[in-house]
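The structure appears right after this line, and notes come after that.
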Amino acid sequence: MRKKIIAANWKMYMTVTETENFYRAFAAEIPQNNRFEILIAPPATALAKLSELNARASQRIRLAAQNMFYEESGAYTGEISPTMLRELFVRYVILGHSERRQIFGESDALVARKVRAALHYKLRPILCVGETREQREAGKEKEILERQLRVALQGVESSSLESIVVAYEPIWAIGAERSAVPEQTQQLHAFIRCVLTYLSNAAVAEKIPIQYGGSVNTGNVAEFLSQPDIDGALIGRASLEARKFADIIKAANKLS
Ligand code: PEP
């Protein structure tokens, strides 16, 4: 059985005080029967606070970082290393988010170095892949996904590949009015699993969770998660309010 993961990507929102308020409200709302691994990726400034709050809580969430550099230490102004994240009990790191690729110019090759570093330091990479609207309209989405996966993961040992999570985030569906269509998204998740099989083998590919991201909310989460190859969600806007995020988790848990 693949792990099912619901993750919050807070992007550059939430101060330390807001994080504290969120956590207190959210922890009280997590359903007792929750079957999902819940991740929160706050801004780096709030990781220590979230880690501290979490250590004291009975219902644990997992901490994720939104990015990291691939070196352990050094003269890299503004960067955060894998060991710094480990010290705060961070378990996951989002890598190659489209905002990192588009706004900060991260290439597939840079993402690949980060993926290797994360695995080396025992952090689980959440590797984001996804096509632009133009690429989709040109029918190139599979080509793009295949390239992003191949460059980021080529040469990673199958034993390490089992630790990764893939997040399929069509860029045109992020922060959009409408999400992608669940049935069409399922086809692309199945395609991603084929590429993962090609890069490792079927047994490993079967174990890798593939999340969907792009305008997930309370109303559509169940439809996405009921698809056979959609193993969770990566959520931006709708994860910023404790009640909304908790409602998504409740809706997901209603699925049999
Ligand atoms: C994201 O940026 O990863 C994301 C999925 O955002 P939103 O849920 O706001 O579309």
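The values are calculated or read from the model by the stated rules, or taken from the named source; none is laboratory data. Just so it is clear, the structure is predicted and the values come from calculations on it, not from any experiment. Methodologically, a virtual Cβ is constructed for each residue, glycine included, from the backbone with ideal geometry; neighbour enumeration extends over all protein chains shown.
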Report yes if some residue within region 86-93 is buried (at least 20 other Cβ atoms within 10 Å of the Cβ) and over 27 Å from Ala222 (Cβ atoms); otherwise report no.
yes
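Does Phe69 count as touching a residue at least 12 places away in the same chain (Cβ under 8 Å) and not in a helix (DSSP H, G or I)?
Answer is yes for this residue.
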Here the residues within region 18-44 that are in contact with a helix residue (DSSP H, G or I) (Cβ under 9 Å, 6 or more places away or on another chain) and of a type in the set (S, T, N, Q) are Thr19, Asn21, Asn33, Asn34
Across region 178-211, which residue is nearest to the ligand (Cβ to nearest atom) among those that are among the basic types (Lys, Arg) and free of Cβ contacts under 8 Å to residues at least 60 places away in the same chain?
Arg178
Within region 93-115, the count of residues that are more than 16 Å from the ligand (Cβ to nearest atom), among the charged types (D, E, K, R) and touching a strand residue (DSSP E or B) at 6+ places or on another chain (Cβ under 9 Å) comes to 1
When you go through (1) within 27 Å of Glu99 (Cα to Cα); (2) surrounded by 15 or more Cβ atoms within 10 Å (Cβ to Cβ); (3) more than 16 Å from the ligand (Cβ to nearest atom) one by one for Ala7, which number turns out not to apply?
(3)
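Yes/no per residue for (1) within 12 Å of the ligand (Cβ to nearest atom); (2) on the phi < 0 side of the Ramachandran plot; (3) among the aromatic types (Phe, Trp, Tyr); (4) at pLDDT below 95:
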position	(1), (2), (3), (4)
Ala238	yes, yes, no, no
Ala242	no, yes, no, no
Ile249	no, yes, no, no
Leu255	no, yes, no, yes
